[in-house]
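Undergrad: Right, I'll just put the structure down here and ask away after.
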Amino acid sequence: MRIGMPRALYYYDYGLVWQLFFEQLGAEVVISPATTKKMLDEGNNVDEVCLPVKTYLGHAAEISDNVDVLFIPRFISLKAKEYCCPKYLGLPDLVKSMLSHCPPILSVDINMRDCKSAVLKAIITCGSFLGKNAFVSLSGWYKAAKAVQQNAVNALSGKSGLTVGIIGHSYLVNDAILGMHIIERLRCQEISVVVPGSSDYIGSYNKNKELKTVYWTHARRLLEGTCYLISNKMVDGLIFYSVFGCGPDSLVSELVKYKAHENNIPFMMLTVDEHTGEAGFLTRLEAFVDMLKWRLQDDYNFSAYRQNEYSH
Amino acid sequence: MIITFPHIGRMNIPIKALFEGLGHQVLVPPPTTKNTLALGTKYSPEGVCLPFKITLGNLIEGLEKGADTIVTCGGKGPCRLGLYSDVQKKILKDLGYKFDIIRLDFDYYSIKNDLTKILPLSRPHKIFNAIQTAWAKMQAIDYIENKVCEVLPLVVDKLKVDFLCKSAFESIDCTDNRFEIESIAKWFDKELMLLEHIDAKTLSVGIIGEIYVNTEPFANQNLISILGRMGVRVYNTLTLKKYILTHLIKRKSAVNYYNYIVRQASQYLGHYVGGHGIASIGQYIALSKQGFDGVVHIYPFGCMPEVVVKNIFSRAVRDYKTPLISLAFDEQTGIAGVVTRLEAFVDLLRFNRS
């Protein structure tokens, strides 16, 4: 049995554990390769959805001929009182409608709002699809989960003393094309980069009241990551990395911006879309890094008559 | 406490009646215009949906006129509505306005904190009267709007219909007597009957989509009026009265109908996606089965549930064959694009009929 998993969206957070789980149960898992321009073009048949979902469709189209079944879980809710983005909720139906040659779809609902053992039920359903009983499925999952380590914060250091936090969804920042290699580019400019991960450690760190109203799990993690980085004074600047058309980000970016401004931390919002021209992206990054370096040299602290600045 | 709130369709009339009935001073923001939209767009985040921008503009205009309390609704669903109040509050405070915000959710915390600020708890009969008056006004307004949708394609003097509507709504706003409100609706009926009608077969078109754009004429470029003038009888599947009956009051017949709609949609969309996404698909199928000539799907640009559903329509349209057009609305107010698309769509429907 060949099970296909597109390398997009939830793959970056949960894909590895599901892959190991299916392999424990004896199935062959086919993961699509890193994003290519061809996949983006293929996924562009969909109107108006955000770019990560288009990428997902492109990946699904890429592997649809090589697999017996496509695994597309329906992530409804990962925590009580929270939801995932609406596009996750409708993902299996979207793929079924938009993919021209759609193989059978194995879909399980993961809805922690309805039931605390939703994940366990999903695991058992997937196991029974492969003909395994509940005990085998659950022990396969346990082994897979143990093998996957998640870090609270991924820190990559650069030479200068400056650190920039990147607040963005994992499926954007880590993608080969959508991520625009932002981490490498910042490190080339000698900046240390910190990317808050998706660990619950961060979630329990901050019980800020104002976060109570944010009901999207992934968006909430971005805010919690921001609060974590700011409270621990880990960053000199913040970049909010988003994509055109992202619904939750359009509002959550404002909340992150206000948080950064309250704490006097330089903030920049970068919005990417299908255009792959890099010049605009690079100039903005360079300008931001230059500004951070000038702050260290008290560049904004000049006399009212500008005498010191212009007298050589 | 001077209360203001954002506009949505004609809701300002029942809401004003409700809060005045509870003993508060109400300041209805000026009617939504291009200026409102410009103000809202200027201070909103760029990628946010249209209702946020228009309602922010309404609130700015309301606060400028002297209001000091904003009453707005919350939400818990996957769509962005629930976060509107938080972000709008931050934007307005940043702009320097001083105000209190009351966010109406239907959960224990909200009821305990927010409703106690607006409800005079010592006079329960006052609350009951206020609710009854507001509900009577809403029913009258809903009746008038439905009547206009039915009758506009058949009436010769369409401007007179607009004039009658305006007078009726103004009269409803000015009275608090429930019998007077009912008699205004009957008067409107009678006046419509007196107008000259033509005898023609009209096309029937259903409107589905997101509730704000369905209900607020400024947001949808007065689409219902445009269609009526093209000789189309419009049926709006999503009005505020229907929404309140189904999801707030939970009247049994409304809830059963909603469940029927969701069952229709289940073959194409397996779960609620927030907003009115699943209802849009279900309504399309229900309207096709009822023999409607066409369906118009309207939503704000970027609306997450509707965008998911828009792409799923292709399968449903292949199966049910009822023509469907999807129109997205944003802060560009050029009406020509909307009119040309609707004209082409109506021509297609006429061709199909013949």
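Undergrad: Could you list all residues from region B:174-187 that are of a type in the set (A, V, I, L, M, F, W, C) and under 18 Å from B:A17 (Cβ atoms)? Break it down stepwise before answering.
TA: Restricting attention to region B:174-187, the residues satisfying the condition of being of a type in the set (A, V, I, L, M, F, W, C) are B:174, B:179, B:181, B:184-185, B:187.
Answer for region B:174-187, where residues must be of a type in the set (A, V, I, L, M, F, W, C) and under 18 Å from B:A17 (Cβ atoms): B:C174, B:F179, B:I181, B:I184, B:A185.
Undergrad: Continuing with the same structure: Being more than 19 Å from the chain's Cα centre (by Cα) and part of a helix (DSSP H, G or I) is the filter here, so list the residues in region A:214-237 that pass it.
TA: Taking region A:214-237 first, the residues more than 19 Å from the chain's Cα centre (by Cα) are A:230-237.
Correct list: A:I230, A:S231.
Undergrad: Are any residues in region A:231-277 within 14 Å of chain B (Cβ to nearest Cβ), over 17 Å from A:V173 (Cβ atoms) and out of contact with any helix residue (DSSP H, G or I) (no Cβ under 8 Å at 6 or more places or on another chain), and if so, which ones?
TA: Across region A:231-277, the qualifying residues are A:S250, A:K257, A:H261, A:E262.
Undergrad: Here is a follow-up. Filter region B:263-277 down to the residues that are open to solvent by 10 Å² or more (accessible area, probe 1.4 Å) and under 26 Å from B:R233 (Cβ atoms), then identify the one that is nearest to the chain's Cα centre (by Cα).
TA: So the first thing to find is which residues in region B:263-277 are open to solvent by 10 Å² or more (accessible area, probe 1.4 Å), and the list is B:263-264, B:266-267, B:270-272, B:275-276.
Among the residues that remain, those that are also under 26 Å from B:R233 (Cβ atoms) are: B:264, B:276.
On the way: B:Q264: 23, B:H276: 12 Å.
Across region B:263-277, the extreme among qualifying residues is B:H276.
Undergrad: Kindly establish whether B:K112 is within 27 Å of A:D114 (Cα to Cα), open to solvent by 10 Å² or more (accessible area, probe 1.4 Å), more than 11 Å from chain A (Cβ to nearest Cβ) and not in a strand (DSSP E or B). Even if it seems obvious, please write down each step before you answer.
TA: Working: within 27 Å of A:D114 (Cα to Cα): yes; open to solvent by 10 Å² or more (accessible area, probe 1.4 Å): yes; more than 11 Å from chain A (Cβ to nearest Cβ): yes; not in a strand (DSSP E or B): yes.
Here the answer is yes, as B:K112 does meet what is asked.
Undergrad: Can you pull out every residue in region B:306-321 that is out of contact with any Lys or Arg (no Cβ under 9 Å at 6 or more places or on another chain) and not charged (D, E, K, R)? If you could, list the steps in order and put the result at the bottom.
TA: Here is the first cut: in region B:306-321, the residues out of contact with any Lys or Arg (no Cβ under 9 Å at 6 or more places or on another chain) are B:306, B:309-311, B:313-314, B:316-319, B:321.
Of everything in region B:306-321, those that are out of contact with any Lys or Arg (no Cβ under 9 Å at 6 or more places or on another chain) and not charged (D, E, K, R) turn out to be B:V309, B:N311, B:F313, B:S314, B:A316, B:V317.
Undergrad: When you check A:T271 against the structure, is it touching a Cys at 6+ places or on another chain (Cβ under 9 Å) and over 22 Å from A:L162 (Cα atoms), yes or no? Can you show your working first?
TA: Values: touching a Cys at 6+ places or on another chain (Cβ under 9 Å): yes; over 22 Å from A:L162 (Cα atoms): yes.
Against the criterion (touching a Cys at 6+ places or on another chain (Cβ under 9 Å) and over 22 Å from A:L162 (Cα atoms)), A:T271 qualifies.
Undergrad: Scan region A:26-37 and give yes if some residue there is of a type in the set (A, V, I, L, M, F, W, C), within 14 Å of chain B (Cβ to nearest Cβ) and under 25 Å from A:G245 (Cα atoms), otherwise no. Spell out the reasoning first.
TA: Our first condition is that a residue be of a type in the set (A, V, I, L, M, F, W, C); within region A:26-37, this holds for A:27, A:29-31, A:34.
Adding the requirement that they be within 14 Å of chain B (Cβ to nearest Cβ) leaves none.
No, because not a single residue in region A:26-37 is of a type in the set (A, V, I, L, M, F, W, C), within 14 Å of chain B (Cβ to nearest Cβ) and under 25 Å from A:G245 (Cα atoms).
Undergrad: Can you name every residue in region B:149-161 that is exposed (fewer than 13 other Cβ atoms within 10 Å of the Cβ) and either under 20 Å from the mean Cα position of the chain (by Cα) or not acidic (D, E) (or both)? Step through it out loud before you land on a result.
TA: Let us first name the residues in region B:149-161 that are exposed (fewer than 13 other Cβ atoms within 10 Å of the Cβ), namely B:156-157, B:159.
If the condition is that a residue be exposed (fewer than 13 other Cβ atoms within 10 Å of the Cβ) and either under 20 Å from the mean Cα position of the chain (by Cα) or not acidic (D, E) (or both), then B:V156, B:L159 are the ones that fit.
Undergrad: Out of B:N220, B:N256, B:N214, I need the residue that is at pLDDT 90 or above, of a type outside the set (D, E, K, R) and open to solvent by 40 Å² or more (accessible area, probe 1.4 Å). Which one? Can you show your working first?
TA: Working: B:N220 fails: open to solvent by 40 Å² or more (accessible area, probe 1.4 Å); B:N214 fails: open to solvent by 40 Å² or more (accessible area, probe 1.4 Å).
Going through B:N220, B:N256, B:N214 in turn, the sole match is B:N256.
Undergrad: Next question, about the same structure. For region B:10-83, which fully contained helices (runs of 4 or more DSSP H) count at least 2 residues that are of a type outside the set (D, E, K, R), away from every other protein chain (no Cβ under 14 Å) and open to solvent by 20 Å² or more (accessible area, probe 1.4 Å)? Let's see the steps before the verdict.
TA: Numbers: elements: B:12-21, B:34-43, B:50-64.
Counting at least 2 such residues, we get B:12-21, B:34-43.
Undergrad: Right, another one. Kindly provide the set of residues from region B:326-345 that are open to solvent by 20 Å² or more (accessible area, probe 1.4 Å), more than 13 Å from chain A (Cβ to nearest Cβ) and not hydroxyl-bearing (S, T, Y), ordered by number. Explain how you work it out, then say what you get.
TA: First pass over region B:326-345, keeping only residues open to solvent by 20 Å² or more (accessible area, probe 1.4 Å): B:326, B:328, B:330-337, B:339-341, B:343-344.
Narrowing further to those that are more than 13 Å from chain A (Cβ to nearest Cβ): B:331-337, B:339-341, B:343-344.
Within region B:326-345, B:E331, B:Q332, B:G334, B:I335, B:A336, B:G337, B:V339, B:R341, B:E343, B:A344 meet the criteria.
Undergrad: Looking at region B:84-105, which of its residues are more than 9 Å from chain A (Cβ to nearest Cβ) and either open to solvent by 60 Å² or more (accessible area, probe 1.4 Å) or free of Cβ contacts under 8 Å to residues at least 12 places away in the same chain (or both)? Walk me through how you get there before you give the answer.
TA: Taking region B:84-105 as the starting set, the residues that turn out to be more than 9 Å from chain A (Cβ to nearest Cβ) are B:88-89, B:92-93, B:95-102, B:104-105.
Across region B:84-105, the qualifying residues are B:K89, B:K93, B:L95, B:G96, B:K98, B:D100.
Undergrad: With the structure loaded, tell me whether A:L57 is in contact with a Gly (Cβ under 6 Å, 6 or more places away or on another chain) and within 27 Å of A:G247 (Cα to Cα) or whether it fails that test. Steps first, answer last, please.
TA: On the way: in contact with a Gly (Cβ under 6 Å, 6 or more places away or on another chain): yes; within 27 Å of A:G247 (Cα to Cα): yes.
Spelling it out, A:L57 is indeed in contact with a Gly (Cβ under 6 Å, 6 or more places away or on another chain) and within 27 Å of A:G247 (Cα to Cα).
Undergrad: Go through region B:297-325 and report how many residues are surrounded by 18 or more Cβ atoms within 10 Å (Cβ to Cβ) and in a helix (DSSP H, G or I).
TA: 11
Undergrad: Looking at region B:287-297, is at least one residue within 14 Å of another protein chain (Cβ to nearest Cβ) and over 20 Å from the mean Cα position of the chain (by Cα)? Outline the logic, then answer.
TA: If we filter region B:287-297 for residues that are within 14 Å of another protein chain (Cβ to nearest Cβ), which is where we start, we get B:297.
Filter once more, keeping what is over 20 Å from the mean Cα position of the chain (by Cα): none.
No; the residues of region B:287-297 include none that is within 14 Å of another protein chain (Cβ to nearest Cβ) and over 20 Å from the mean Cα position of the chain (by Cα).
Undergrad: Kindly establish whether A:Y142 is within 25 Å of the chain's Cα centre (by Cα), exposed (fewer than 14 other Cβ atoms within 10 Å of the Cβ) and part of a helix (DSSP H, G or I). Talk me through it step by step, then tell me what you get.
TA: Details: within 25 Å of the chain's Cα centre (by Cα): yes; exposed (fewer than 14 other Cβ atoms within 10 Å of the Cβ): yes; part of a helix (DSSP H, G or I): yes.
The answer is yes for A:Y142.
Undergrad: Could you please find all residues in region A:20-40 being open to solvent by 70 Å² or more (accessible area, probe 1.4 Å) and more than 21 Å from the chain's Cα centre (by Cα)?
TA: Residues satisfying the conditions are A:E23, A:Q24, A:E28, A:K38.
Undergrad: Then there's this: Going residue by residue through region B:182-189, is there one that turns out to be among the basic types (K, R), touching a residue at least 12 places away in the same chain (Cβ under 8 Å) and away from chain A (no Cβ under 14 Å)?
TA: We begin by selecting, within region B:182-189, every residue among the basic types (K, R); these are B:186.
Narrowing the set further to residues that are touching a residue at least 12 places away in the same chain (Cβ under 8 Å) leaves none.
No: zero hits.
Undergrad: Looking at B:Y272, is it at pLDDT below 95, of a type in the set (F, W, Y) and under 30 Å from A:L51 (Cα atoms)?
TA: yes
The values are calculated or read from the model by the stated rules, or taken from the named source; none is laboratory data. Keep in mind that this is a model prediction, so the values were computed, not measured. For neighbour counting, all protein chains shown are included, and Cβ atoms are generated from backbone atoms with ideal geometry for every residue, glycine included. These accessible areas exclude ligands, DNA and RNA; they are computed on the full protein's heavy atoms, side chains included. Shrake-Rupley method; radii C 1.70, N 1.55, O 1.52, S 1.80 Å.
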